[in-house]
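Remarks on the structure that follows.
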Amino acid sequence: MKLNALKLGGMLLLPGAAMLLGSSTASAASGDIPDLNGVWQWGRCVNGGPGISCMLLEEDDARLTGRAKALRDALDEAAAPKYDCAPMSIPHMWTDPYSHQIEQFDDRVVFSYGKDDVVRTAWLPNSDHQKPKANEYFYFGDSTARYEDGALIVETSHFTFDPQGLNADFRLASSTQKHVTERYTREGDDLVLEVTTTDTFFLKEPWVYKVKSVRDPEELALPWDCNQEGARDILKLMAPKYPNDPPIVRLPE
């Protein structure tokens, strides 16, 4: 059942009370709980230049550690997971021009993306979600959420090592130390997202950007259904980085 806040006889009902009334819509009208439900278009930079300039880590970004640059230079572009239809990790995912959907429930918030069939769940404090063990890691990490001063705060950690975890276009990897904080707020009819990423292995300082989105009148066009043959077409034109090594072999599905 979706998160809800209703007025009954002038009284504001909290989400639990709204559930007792059997409501299934998510208006989230309380002062601490912004209404984020719906489909939102691709975010644009807030005070960060045109297009997606604020959202990208460049190939020689000053925030990259020497380790990040050394690994970038060693990685073979042809071996990148994106050529096997592996999705981008967060926060780089938001640089792709696709809409996303947010659904607020009483115990969790669910994010669905218009590319690669990615669905993430951020668990609220009243959920039964168990904290991962020290040796448990996940491609999109483990996400917890809370409402604070009119914002939704999502904290994500326990990522696996990802050779394209900071930027899939420039071979910028992320480590198991990556931590991503998302702060979602409403500004009038718009959705504002501020993202802070830390990674002690590959970033000298936090990578922060802020984008604003408007509602998308269209539903997400799902499923995405990535075509592996099409994703690999460019490899036919790509010179091998290590020509003396055996060729990279992609196993059939």
>> Here's a check for you: in segment 70-88, which residue that is surrounded by fewer than 16 Cβ atoms within 10 Å (Cβ to Cβ) and more than 21 Å from the chain's Cα centre (by Cα) is nearest to residue 198 (Cα to Cα)?
In response: 70
> Which condition breaks for residue 124 when tested against (1) surrounded by fewer than 17 Cβ atoms within 10 Å (Cβ to Cβ); (2) free of Cβ contacts under 8 Å to residues at least 40 places away in the same chain; (3) touching a Leu at 6+ places or on another chain (Cβ under 9 Å)?
Replying inline: (1)
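Residue by residue, here is whether (1) of a type in the set (A, V, I, L, M, F, W, C); (2) in contact with a Cys (Cβ under 9 Å, 6 or more places away or on another chain); (3) not in a strand (DSSP E or B) holds:
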| position | (1), (2), (3) |
| --- | --- |
| 140 | yes, no, yes |
| 143 | no, no, no |
| 165 | no, no, no |
| 177 | no, no, yes |
| 182 | no, no, no |
| 186 | no, no, no |
| 191 | yes, no, no |
| 197 | no, no, no |
| 209 | no, yes, no |
>> For the condition buried (at least 16 other Cβ atoms within 10 Å of the Cβ) and in contact with a His (Cβ under 9 Å, 6 or more places away or on another chain), what is the one hit in 99, 112, 175?
In response: 112
> In segment 179-216, how many residues are touching a Pro at 6+ places or on another chain (Cβ under 8 Å) and surrounded by fewer than 18 Cβ atoms within 10 Å (Cβ to Cβ)?
Replying inline: 4
> Name the residues in segment 202-225 that are out of contact with any helix residue (DSSP H, G or I) (no Cβ under 8 Å at 6 or more places or on another chain) and within 20 Å of residue 171 (Cβ to Cβ), would you?
Replying inline: 204, 207
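No lab work stands behind these numbers, since they all come straight from the coordinates. What you see is a predicted model, and the numbers here were worked out from it, not measured in a lab. All Cβ positions, even for glycine, are placed from backbone atoms using ideal geometry, and neighbour counts span all protein chains on display.
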